[in-house]
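Values in this text are rule-based calculations from the coordinates and carry no lab data. Small disclaimer: the values here were computed from a predicted structure and weren't measured.
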């Protein structure tokens, strides 16, 4: 599985008035491991809960978008280091991965995706008929 | 009102693992303002982002700490300085598997924030949700703004 260029800006057209709206995204940090029969991807998305998470697979491309929960803090900001932007990262998948068998778990802002290779790709022994 | 941040020696082993080109690509993915302030994770070891807010009754400090267990986070107060520290251990069951990419940080962090006003030490609350630690510190009575009545003569 290789990672393709990560885009940090994406232009989208807002359906209402047709003017392009540039959305700013920040790339989340990820760990990618290869396990038996597949891969595991861990992405850090602090401030994102299940409702704000969008995971899409199209052809061989996996797109993860995490929309942050809007901050409920009503006060005035004295000092900010965190970014307000949402998270987005695009990956190019190994064609052996079965898109229907992707499992996702979100725990304390960390998304863990388990991607399994499809059955057909695994080595199979062929029995010779007499 | 900057808090004390621990200076970390740049983790140069990361350069060997990913290659210079990769690290430069990552440089542009992160907001450059973070890099200038030294708060980004780019060169240092883990340096989680901290926000400080204030309203009439409370001082609120938020820290981005995804993927931790609340037992591994320590929050303490001493003489008007709030300290948040902790350690993320590599307990992932996949740590022995072949790793393609390892951008997440493992290890200890420590951030301190000098609070803008006096707070009630024993009424401080902390909550850890969606990977964000929110510490709410109610202001001490004498620190709250007081309205002064204007007498009309």
Kirkwood Rh, Cα atoms: Rg over Rh of region A:23-130: 1.16
To one decimal place, what Kirkwood hydrodynamic radius in Å is obtained for region B:107-148 from all pairs of distinct Cα atoms? 12.5
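Distances over 16 Å make up what percent of all Cα-Cα pairs in region B:57-122?
Values: 1220 of 2145 pairs.
Counting every Cα pair in region B:57-122, those more than 16 Å apart make up 57 percent.
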